[in-house]
Each structure stands twice: as structure tokens, then as C-alpha cells.
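Notes follow once the structure below has been shown.
The values are calculated or read from the model by the stated rules, or taken from the named source; none is laboratory data. What you see is a predicted model; the values in this text were computed from it and never measured. Ideal geometry is used to build each Cβ from the backbone, glycine not excepted, and the neighbour counts take in all protein chains shown.
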Amino acid sequence: MSQQYSPSGFSLLPPVVKNLLIINGLFYLATISFQTAFGIDLVKLMGLHYFQSDLFRPYQFVTYMFLHGSVPHVLMNMFALWMFGYLLENIWGSKRFLTYYMITGIGAAFVQTFVNWIELSSIQSAAHAYSVTPTVDGFTVFIRSHFENYYDQEGTVRSFINEWSLSKHNPGYAAQSLEYIRQLLKLRMDVPTIGASGAVYGILLAFGMMFPNMLVYVYFLFPIKAKWIVIIYGALELFSGFSNNQNDDVAHFAHLGGMIFGYFLIIYWRKKSGTFSS
């Protein structure tokens with residue numbers, strides 16, 4: 001690929017990257033402060049919720065990417081944003097870089113929502129089928145298939161199944177099982193997605209496309225070409241996403257969504273202007 005930029009105007013902390021670092025840091029501090037001082041949960045208000053959740057608001061497709069759940073979470077994302085983003089902003093310019101960041105972040109949210117729709121539609125169909133003839137065995141199979149993490153825990157659901165097993169023909173248990181399923185579905189829909197990782201993975205993809213043979217030092221020790229980092233990370237996210245580990249709280253398909261939207265956006269820009277032609 002050929003890129004044109006002026007070395008004299010090169011900056012290690014260009015304006016968009018700098019402001020994104022500041023904004024994400026402020027949002028993280030605000031998340032803690034608002035919860036502590038006012039009891040306001042910004043993750044609940046601004047994290048991306050499933051569109052059938054009572055907590056969903058359209059603006060969450062944007063606001064979710066400025067929230068993080070822990071210090072390591074925000075630090076890792078912001079370090080990757082700077083590490084791979086500052087060079088892109090110097091070459092593309094601030095306007096194009098910000099456009100790319102926002103589109104990949106929002107695109108990641110749409111991909112994550114689509115994947116959630118596929119998963120939840122399957123669960124809702126199974127719940128409807130179960131509701132026709134609710135039995136303790138059917139309830140156990142449903143929970144183990146779709147909410148195994150709740151079944152594995154010694155708690156309310158496991159105790160309920162044990163009690164129902166001792167009185168299988170009690171209609172009250174059948175009705176209660178339907179309520180459990182409704183509550184579990186609600187809990188699943190109310191789980192928010194937060195973090196800048198979708199946009200950051202989009203930036204990683206762009207870096208790999210722009211500088212495929214540039215050496216990047218993983219953990220500051222092991223040199224590896226940028227294109228291989230993109231391939232390895234993409235493959236890991238794809239594998240992790242399809243592994244469907246119910247105890248995994250990472251939005252792997254959001255990461256892939258950022259990369260997918262980033263790829264097609266760069267291809268579009270190439271065809272439109274020829275600026276990034278090989």
C-alpha cells in the first residue's frame with residue numbers, strides 16, 4: 001500500500017487519539033463516582049442492551065464504547081488505541097480516523113446485537129416449546145442447555161429442580177418453572193455490552209492492512225508482523241465466539257464486528273479515492 005504523509009507533522013499523540021483517551025478515562029471515573037455518590041449506574045443507562053430489554057435505548061449503540069468495567073479493561077483498550085491508532089491518525093487525518101473509529105464501534109454493536117438475536121431467538125423458541133408440556137425433566141434439559149451456569153451453581157434453580165423431582169405431578173411447580181424461565185430470559189437480555197474493544201479491533205485490522213509487514217513487539221519482547229497479529233487475534237475471537245462458553249463474558253463477536261466493518265470501510269475508501277491503493 002502507498003501512503004502519503006508529512007514527517008514534519010507527525011505526532012505521537014494526535015488530537016483524536018488524545019481526546020478519546022481522555023474521554024474514556026473520564027467516563028470510567030464517572031462510572032465509579034456516580035455509582036458511589038448518587039447510586040446512578042451508568043453501565044445500566046449507557047451500556048448496550050438487547051433491543052427487547054426494558055433497559056435498551058438506541059443511543060446505547062454509541063455510548064457503550066466509552067464505558068469499561070475495570071481498570072485493566074480500560075487500560076488495555078486505551079493502550080491498544082494509542083499503540084495502533086496514532087500512526088493511522090497521522091496518515092489518514094483526524095476526521096477520517098474519527099469516522100473510522102465511530103463506524104467500527106457502532107458496527108461492532110450491530111454485529112453483537114445480531115448474534116444475540118440469533119442466540120436469544122433460539123432460547124425463546126425452546127422456551128415456547130417447553131411451555132406446551134412443562135415437566136421437571138424438560139425444565140432440567142432446558143436449563144442445562146441454555147443456562148448451564150445457573151444449573152452448575154448450588155442455588156435456587158438447583159433446589160427448585162430437586163423439590164420438583166419429589167413431587168413431579170404438582171401443577172404449581174410447572175407454573176413456577178415458567179416464571180423461572182421468564183426471569184432467566186430477562187436476565188440474559190439485560191446483560192450489557194461495554195467497552196471500546198470493537199473499535200480497537202477495527203483499528204488493529206486497519207493497522208494490519210496499512211502496514212502488513214511492520215514488526216510489532218508482543219509484550220515488548222516478541223517481534224511479529226502486523227498482518228499475523230490481525231490473523232491470530234481474528235482467529236482467536238472467531239474460535240472463542242463459536243465455543244459459546246456460558247461463563248465467558250467477553251463480547252467476541254463485537255470484536256469481530258469491528259474488524260468486519262473496518263475491512264469493508266477501508267475497501268470502500270480505496271475504491272472511492274484510490275488513496276490507499278496497493
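Which pairs do you get when a residue that is within 13 Å of ASN24 (Cα to Cα), found in the stretch 73-87, comes within reach of a residue that is outside any helix (DSSP H, G or I) and aliphatic (A, V, I, L, M), reach meaning Cβ atoms under 6 angstrom, with the pair 6+ apart or on two chains?
ASN77/ALA196
Within the stretch 30-42, does at least one residue satisfy the condition of being at pLDDT 95 or above and closer than 21 Å to ILE103 by Cα?
No.
Output the number of the condition that GLY202 fails; it satisfies all remaining conditions of (1) assigned by TED's automatic domain parsing to the domain that holds LEU75; (2) of a type outside the set (S, T, N, Q); (3) modelled with pLDDT under 95; (4) within 30 Å of LYS44 (Cα to Cα).
(3)
More than 27 Å from VAL250 (Cα to Cα) and among the hydrophobic types (A, V, I, L, M, F, W, C) - does that describe any residue in the stretch 139-154?
The initial filter retains those residues of the stretch 139-154 that are more than 27 Å from VAL250 (Cα to Cα), namely 139.
Subset that is among the hydrophobic types (A, V, I, L, M, F, W, C): 139.
Yes, because at least one residue in the stretch 139-154 is more than 27 Å from VAL250 (Cα to Cα) and among the hydrophobic types (A, V, I, L, M, F, W, C).
Based on what the data block shows, is GLN52 in a loop (DSSP other than H, G, I, E, B), over 16 Å from the mean Cα position of the chain (by Cα) and of a type outside the set (Val, Ile, Thr)?
Spelling it out, GLN52 is indeed in a loop (DSSP other than H, G, I, E, B), over 16 Å from the mean Cα position of the chain (by Cα) and of a type outside the set (Val, Ile, Thr).
Where the second residue is assigned to a loop (DSSP other than H, G, I, E, B) and the first is of a type in the set (A, V, I, L, M) and lies in the stretch 196-210, which pairs have Cβ atoms under 9 Å and are six or more apart or on separate chains?
ALA196/LEU67; ALA196/HIS68; MET209/MET1; MET209/PHE276; MET210/MET1; MET210/GLN3; MET210/PHE276
Specify the residue that is nearest to GLY105 (Cα to Cα); the eligible residues are those in the stretch 237-258 that are modelled with pLDDT under 80 and of a type in the set (A, V, I, L, M, F, W, C).
Per the stated criteria, the residue is ALA251.
Criterion first (in the same structural domain as SER197 (by TED's automatic domain parsing), surrounded by 14 or more Cβ atoms within 10 Å (Cβ to Cβ) and not β-branched (Val, Ile, Thr)) does PHE142 satisfy it?
Numbers: in the same structural domain as SER197 (by TED's automatic domain parsing): no; surrounded by 14 or more Cβ atoms within 10 Å (Cβ to Cβ): yes; not β-branched (Val, Ile, Thr): yes.
Judged against the criteria, PHE142 is not a match.
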